[in-house]
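See structure below.
Here, each number is a calculation from the coordinates, and none is a lab measurement. Note that this is a predicted model, so its numbers are computed, not measured. Here the Cβ positions follow ideal geometry from the backbone for every residue, glycine too, while neighbour counts run over all protein chains shown.
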Amino acid sequence: MKTLLVLAALLLSFANAGADILAQDPYNTYLWNRSNVIANNGQVDQSPWYEWWYYKVIDPATGRAFFFTYGVINPWDSGKTLGGTQAVVDAGEFTAKTMIDQKFPVAQFQAAYDRTFVQIADSTATDKALVGHVSNDGHNMEWNLSIDKNWSFDAMASTKTMKSDIYWYPAQASATMNGWIKLDGVTYHLTNAPGYQDRNWGDGFPKWWTWLVSNNFKNSPGTVLAAGGGEPKVFNTAYVQGLCIGLHYNGKDYAFRTFGGDNVSFDISWGKWEVDASSSTARVTISANAPKDKFMMLPFTSPQGATFYDYETLTGSMTVKVYERSSILAEWKQVGADLVTDNAGIEWGTPTPVSFTNLFSTAVHLQ
């Protein structure tokens with residue numbers, strides 16, 4: 001009976017939504033049950049589902065890197081018939097390896113279809129502001145940040161019509177954040193801090209995923225790199241490896257997509273990520289690395305309740321080289337100097353827990 005009442009309330013709240021959903025950035029809004037809401041057909045999806053809004057920022061004054069995740073799993077499942085059902089706010093800091101995970105009933109989750117707005121209990125996130133607090137395991141973290149968007153990358157351009165178990169969309173591949181963060185009694189005041197926000201959603205997790213990002217390159221203000229991919233299951237039939245790369249450099253946008261027909265090769269050995277991607281007239285190479293003590297494991301929960309282990313750092317080292325040529329018969333010529341940063345986000349996720357010590361002593365190649 002409780003589930004029926006919840007579904008009835010959802011239908012009532014959606015009744016007048018339909019044609020009014022005209023978001024400027026639809027992938028940065030609530031996506032669960034969206035097609036039914038637009039069609040105003042009175043139906044509610046009740047299949048496995050997850051989506052989250054992820055934010056990161058690096059304090060220029062201290063070099064400390066913070067992250068925040070607002071998410072929901074199986075938003076229709078008020079009776080918790082699936083093991084992963086929950087709303088969650090995660091936050092933490094990488095230098096001290098502090099992660100605070102706070103779970104809530106799905107009834108405490110709200111999100112908007114026509115704009116970027118998420119609320120879980122009294123923590124809220126939009127594309128312009130981030131406010132909240134979490135407490136768990138003796139740690140406490142509060143934050144109040146404003147966000148100014150600098151650049152986004154349409155990672156959905158070649159996959160929006162492709163059925164995948166997971167999608168990635170860097171809605172604010174580059175952003176500037178101002179405000180404060182208070183962690184375990186210490187307050188950090190952020191001024192013009194390099195930030196980032198992306199979206200993930202789907203009905204299942206891939207065999208593995210990877211991520212490389214930065215908007216804080218030395219001697220190259222305004223340059224942004226955002227790369228994400230892995231081995232998702234597509235069209236409910238086969239697992240396929242792929243990577244999508246967006247680069248904003250010298251006022252120009254570059255894009256390389258495996259599923260868009262570009263040549264993209266990558267080799268991930270623990271401690272080092274190597275990428276080489278090219279279209280007919282542009283090419284980018286990426287070399288990223290970080291020692292094991294910079295990584296922290298962030299767990300993500302599947303709709304069914306399984307744990308996905310995400311190994312991540314926000315302060316890795318990365319070198320990016322950009323090349324162009326006038327035609328496919330011409331030689332590549334490097335554009336500008338090497339792009340270098342020590343504020344790179346580097347990530348690898350797997351459904352199997354692994355040992356950092358073993359990873360960094362034995363190469364694990366993914367090609």
Using R₀ = 25 Å, calculate the FRET efficiency as 1/(1 + (r/R₀)^6) where r is the Cβ-Cβ separation of residue 95 and residue 269; round to 0.05. 0.50
Karplus couplings for region 312-317 from phi (6.51 cos²θ - 1.76 cosθ + 1.60, θ = phi - 60°), rounded to Hz, Gly and Pro as x? 9, 9, 10, 10, x, 9
Relative contact order computed over region 121-194 (Cα-Cα under 8 Å; 6+ residues apart), in percent: 27
Going down the table (103/294; 97/163; 252/272; 97/233; 97/149; 182/207), which pairs top 30 Å between alpha carbons? 97/163; 97/233; 182/207
Pairs of Cα atoms under 8 Å, at least six residues apart: use those to get the relative contact order of region 268-321, whole percent. 33
For region 27-74 and region 247-291, what is the separation of their Cα centres, given in Å? 26
When the dipole is taken about the Cα centre of region 125-247, and only Lys, Arg (+1) and Asp, Glu (-1) are charged at their Cβ, what size is it in debye, to the nearest 20? 300
Picking from 238, 226, 111, which is most flexible by a Gaussian network model of the chain using Cα springs under 10 Å? 238
Name the residue from 49, 266, 82 whose Cα lies farthest towards the positive end of the charge dipole of the chain, charges +1 on Cβ of Lys and Arg and -1 on Cβ of Asp and Glu. 266
Over the chain, with a Gaussian network built from C-alpha contacts below 10 Å, which listed residue (319, 62, 258) shows the highest mean-square fluctuation? 62
Projected label distance in nm at residue 39 and residue 189, using a 7 Å step from Cα toward the beta-carbon: 5.4
Looking only at aspartates and glutamates whose Cα falls under 14 Å of residue 56's and that sit 8 or more positions away or on another chain, we get 90, 93, 127, 148, 198, 312, 347
Compute, for region 173-234, the length of the dipole vector about the Cα centre, with Cβ point charges of +1 (Lys, Arg) and -1 (Asp, Glu) only. Units Debye, rounded to 20. 80
Taking amide H atoms as placed 1.01 Å from N in the peptide plane, list the residues 5 or more away in sequence, or in a different chain, whose amide H sits under 5 Å from that of residue 117. 30, 112
Give the relative contact order (percent, whole number) for region 72-139; include only Cα pairs under 8 Å separated by 6+ residues. 26
With axes computed from alpha carbons, what is the tilt in degrees of helix 2-14 against the longest principal axis of the chain, rounded to the nearest 10 within 0 to 90? 70
Using helices alone, I'd like the mean residue ellipticity at 222 nm for the chain: each DSSP H run of four-plus residues gives -39500 (n - 2.57), total over residue count, nearest 500. -2000 deg cm²/dmol
